[in-house]
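Engineer: Just passing along the structure, written as structure tokens.
The values are calculated or read from the model by the stated rules, or taken from the named source; none is laboratory data. Only a predicted model underlies this, so the values are computations on that prediction, with no experimental measurement involved. Methodologically, a virtual Cβ is constructed for each residue, glycine included, from the backbone with ideal geometry; neighbour enumeration extends over all protein chains shown.
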């Protein structure tokens, strides 16, 4: 126990007397990495594993303080192979982090070509066309746009598609009496990642009784993540958008274009500003 307090005292002295600029940079980089990992694992099944690891570390510290030799030996033996265990347990999240780094705006913003911009504009036109066509025919739809918070848990509940975004594909998915029409589509980047996905329903008491399961599912996902959810009503054909637990309706073609341009081209902060202005113009349902 005395050794523990001596180590803690030495660490505190080093932090206050020997901290240089290189140490500050080192700490900031590690903090940024840990923050990104926590963001990726937030609201996924991996968050429970992370809580278990934190509990294990607390048990190591407590056993050392209380002099529980056997328990401390057991916990330290487990931690010795901790790196290998973490790689095995968090393999999907590690892969997702590396993929995110590969398509980061910091690496690609300066290398956008005319072809990339044309593709982004094509995707926006295809999604708008899908929403307008489904609205006109009163075919229900639920399209989720993944943002910073990963939607892998949602994707795992559906059927993988991994297809190029196009109006014919999306309209065919939501066509009544087809295998994938019942559920949500998840769009990740420029791909239709999955269809027939199950979303969590909102538990908010202030949601209008006129709204059905499709709208409640869209609001529910937007409460648990930063995803933007496009909803087409099967009863009225009204186009809505859920974000941050709020439902914005009805949306016109120009509204859809602004939202989609910010999702696929602009910055998240600009998208937030747009929704704030939209909220002042339309009362959430």
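Engineer: Can you find a residue in segment 197-215 that is assigned by TED's automatic domain parsing to the domain that holds residue 120, free of Cβ contacts under 8 Å to residues at least 40 places away in the same chain and in contact with a strand residue (DSSP E or B) (Cβ under 8 Å, 6 or more places away or on another chain)?
Structural biologist: no
Engineer: Tally time: how many residues in segment 166-180 are touching a residue at least 40 places away in the same chain (Cβ under 8 Å), surrounded by fewer than 21 Cβ atoms within 10 Å (Cβ to Cβ) and either over 30 Å from residue 119 (Cβ atoms) or touching a strand residue (DSSP E or B) at 6+ places or on another chain (Cβ under 9 Å) (or both)?
Structural biologist: At the first step, the residues of segment 166-180 found to be touching a residue at least 40 places away in the same chain (Cβ under 8 Å) are 166-167, 170-171, 174.
Narrowing the set further to residues that are surrounded by fewer than 21 Cβ atoms within 10 Å (Cβ to Cβ) leaves 166-167, 171.
Keeping just the survivors that are either over 30 Å from residue 119 (Cβ atoms) or touching a strand residue (DSSP E or B) at 6+ places or on another chain (Cβ under 9 Å) (or both) gives 166, 171.
Of the residues in that region, 2 qualify.
Engineer: Only one of these is at pLDDT 90 or above and outside any helix (DSSP H, G or I): 240, 222. Name it.
Structural biologist: Just one listed residue meets the conditions, 240.
Engineer: Further question: Which one is modelled with the highest pLDDT among residues in segment 243-267 that are part of a loop (DSSP other than H, G, I, E, B) and over 22 Å from residue 199 (Cβ atoms)?
Structural biologist: Residues of segment 243-267 part of a loop (DSSP other than H, G, I, E, B): 244-245, 249-252, 265-267.
Now narrow it down to the ones that are over 22 Å from residue 199 (Cβ atoms): 252, 265-267.
On the way: 252: 91, 265: 80, 266: 71, 267: 52.
In this case the residue turns out to be 252.
Engineer: Can you name the helices (runs of 4 or more DSSP H) wholly within segment 1-89 that have at least 1 residues being in contact with a helix residue (DSSP H, G or I) (Cβ under 6 Å, 6 or more places away or on another chain), surrounded by 10 or more Cβ atoms within 10 Å (Cβ to Cβ) and modelled with pLDDT under 70?
Structural biologist: 2-17, 21-41, 46-66, 82-89
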